[in-house]
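Below: one structure, written as structure tokens.
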Amino acid sequence: MGYVTKVSRVRIRLSEIADRSGVSISTVSRVLNEQPGVSPHTRRLVLTAIDVLGYDRPVRLRPRSGGLVGLVMPELENPFFPRLAHHLEVNLSRMGLSTVLCSQTLGGAHEDDYVANLLEHSVAGIVFVSGVHALVSSDPARYQRLLDLGMPIVLVNGALAGLEAPCVSTDDVAAVELAVQHLEHMGHRRIGAALGQQRYVPAVRKKQAFLDTIARRGLVPDDLDAADLVESTTYSVQGGQVA
């Protein structure tokens with residue numbers, strides 16, 4: 001009975017992988033057992049399905065280390081950034097890549113300095129989180145030079161027009177609308193927004209979204225201007241208290 005249960009569980013896993021990758025169970029089995037008759041493309045589909053479903057690959061099918069990926073992000077006092085770094089590290093490790101964390105502090109190394117060091121170490125790619133690219137006046141040339149070198153980059157929490165690089169960001173407009181709607185449904189009518197400095201693109205997007213939302217929902221008090229409901233300050237506990 002125990003043997004049948006074990007086989008059943010294995011078959012369920014194989015069927016899940018097969019459904020996810022769009023191939024037959026027998027093809028999944030051939031990939032897992034490294035048998036011939038499977039194209040490289042199909043093999044990649046199956047292995048990707050295994051990773052996406054959260055299963056551990058057999059040791060012999062795990063990728064060998066493919067190099068280093070630079071992770072350039074702001075200071076780590078904000079709990080969001082260490083958590084993001086952790087998830088990036090976990091997912092990159094599944095691809096045989098290791099991360100090099102480059103955190104910026106006031107008066108410390110600049111993003112450009114980190115990039116120069118990462119290039120010297122021949123990294124396989126660089127992920128920029130809330131970096132120079134998130135500044136309103138950012139010049140895309142520094143990132144275009146990396147693309148011209150063939151360096152894969154990803155920009156998180158900010159995008160630059162005309163730059164052919166993947167960008168990942170929250171939908172600031174939707175986030176602000178949901179927040180205001182939630183507070184309004186709780187009965188609040190005088191709603192303010194404490195945002196980051198307006199030198200950052202995400203903060204600019206949030207401010208405009210907030211002003212548009214409260215105007216559309218009739219939430220601007222008669223005794224105040226809409227601009228009075230917004231405070232922009234540094235991303236810190238002290239900044240939040242000031243706001």
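Values as computed for the structure displayed
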quantity	calculated
Subset of the stretch 129-156 that is among the small types (Gly, Ala, Ser) and not in a loop (DSSP other than H, G, I, E, B) - its residue that is modelled with the lowest pLDDT	ALA134
Test: residue in the stretch 61-82 that is of a type in the set (Val, Ile, Thr) and assigned to a helix (DSSP H, G or I)	no
Residue list for the stretch 223-239, filter: part of a loop (DSSP other than H, G, I, E, B) and small (Gly, Ala, Ser)	SER236
Single match in ALA165, ALA159 (criterion: among the small types (Gly, Ala, Ser), in a loop (DSSP other than H, G, I, E, B) and in contact with a Leu (Cβ under 7 Å, 6 or more places away or on another chain))	ALA165
Those residues of the stretch 118-128 which are touching a residue at least 40 places away in the same chain (Cβ under 8 Å), of a type outside the set (Gly, Ala, Ser) and either open to solvent by 40 Å² or more (accessible area, probe 1.4 Å) or in a loop (DSSP other than H, G, I, E, B) (or both), in sequence order	HIS121, VAL123
Qualifying residue in the stretch 197-211 (condition: more than 29 Å from the chain's Cα centre (by Cα), in a helix (DSSP H, G or I) and not acidic (Asp, Glu))	no
Residues that are out of contact with any helix residue (DSSP H, G or I) (no Cβ under 6 Å at 6 or more places or on another chain) and either open to solvent by 80 Å² or more (accessible area, probe 1.4 Å) or farther than 17 Å from TYR235 by Cβ (or both), drawn from the stretch 183-204	LEU183, GLU184, HIS185, MET186, GLY187, HIS188, ARG189, ARG190, ARG199
Options VAL115, VAL168; residue that is touching a strand residue (DSSP E or B) at 6+ places or on another chain (Cβ under 8 Å) and exposed (fewer than 13 other Cβ atoms within 10 Å of the Cβ)	VAL168
Scan of the stretch 212-222 for residues that are open to solvent by 70 Å² or more (accessible area, probe 1.4 Å) and not in a helix (DSSP H, G or I), ordered by number	ARG217, ASP222
The stretch 55-83, subset aliphatic (A, V, I, L, M) and open to solvent by 40 Å² or more (accessible area, probe 1.4 Å), residue modelled with the lowest pLDDT	VAL59
Residues (of a type in the set (A, V, I, L, M) and crowded, with 17+ Cβ neighbours inside 10 Å) located in the stretch 129-158	VAL129, VAL132, ALA134, LEU146, MET151, ILE153, LEU155, VAL156
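The values are calculated or read from the model by the stated rules, or taken from the named source; none is laboratory data. None of the values given here were measured: they were computed from a predicted structure. Reconstructed Cβ throughout: ideal geometry from the backbone, glycine too, with neighbour counts over all protein chains shown. Calculation scope for accessible area: heavy atoms of the full protein, side chains included, ligands and nucleic acids excluded. Shrake-Rupley method; radii C 1.70, N 1.55, O 1.52, S 1.80 Å.
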